[in-house]
1. Quick one: if the Förster radius is 30 Å, what FRET efficiency do Ala16 and Val67 give, using the C-beta to C-beta distance and rounding to 0.05?
2. Taking K and R as +1 and D and E as -1, what net charge do the other residues with C-beta under 10 Å from the C-beta of Val79 add up to?
3. Obtain the nm distance between the two label points defined at Ala46 and Arg25 by a simple spin-label model: each point lies 7 Å from its Cα along the Cα-to-C-beta direction.
4. GluC sites (Glu not before Pro), restricted to the chain: which are DSSP loop and have at most 16 other Cβ atoms within 10 Å?
5. Identify all aspartates and glutamates with a Cα-Cα distance to Lys75 below 16 Å; exclude those on the same chain that are fewer than 8 residues away in sequence.
6. Testing the spin-label approximation: label points 7 Å from Cα along Cα→Cβ at Lys75 and Met1. State their distance in nm.
7. If the cut-off is a Cα-Cα distance under 22 Å, which lysines reach Lys73, setting aside same-chain residues fewer than 8 apart in sequence?
Amino acid sequence: MELSQTLVLHKLTFGARPELDPSGRVVYVPNASGTPYIVFDTHRDAPPGFAVKVNATKKTYIVQRRVGQAVVKAKIGEVRDFLS
């Protein structure tokens, strides 16, 4: 999904996670498992692997890349640090 500051701040919550319904629209369903989740930015100008990780206490911008056989996740910073 294309990430915007409004979406990240107000729509992405730990209590509800985004999913696609059968018609292809994004709907927010309860996060019954209570596990953290990652939403990748699909905008054409976004860096490859750019995402937001949402957990119970904070939201974090990350970049995820494959290096050889391993997947490496680098933390850019917490969302609240980028509000201004």
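1. Values: r = 33 Å, r/R0 = 1.09.
Calculated transfer efficiency: 0.40.
2. Values: positive: Lys53, Lys58, Lys59, Arg80; negative: Glu78, Asp81.
Here the charged neighbours net out to +2.
3. 2.1 nm
4. On the way: sites: Glu2, Glu19, Glu78; in loops: Glu2.
Filter output for the chain: Glu2.
5. Straight-line reach from Lys75, under 16 Å: Asp41.
6. Each label point lies 7 Å from its Cα, and together they span 2.4 nm.
7. Excluding near neighbours in sequence, the set is Lys53, Lys58, Lys59.
No lab work stands behind these numbers, since they all come straight from the coordinates. No experiment lies behind these values; they were computed from the predicted model shown. Virtual Cβ from ideal backbone geometry, glycine too; neighbours counted across all protein chains shown.
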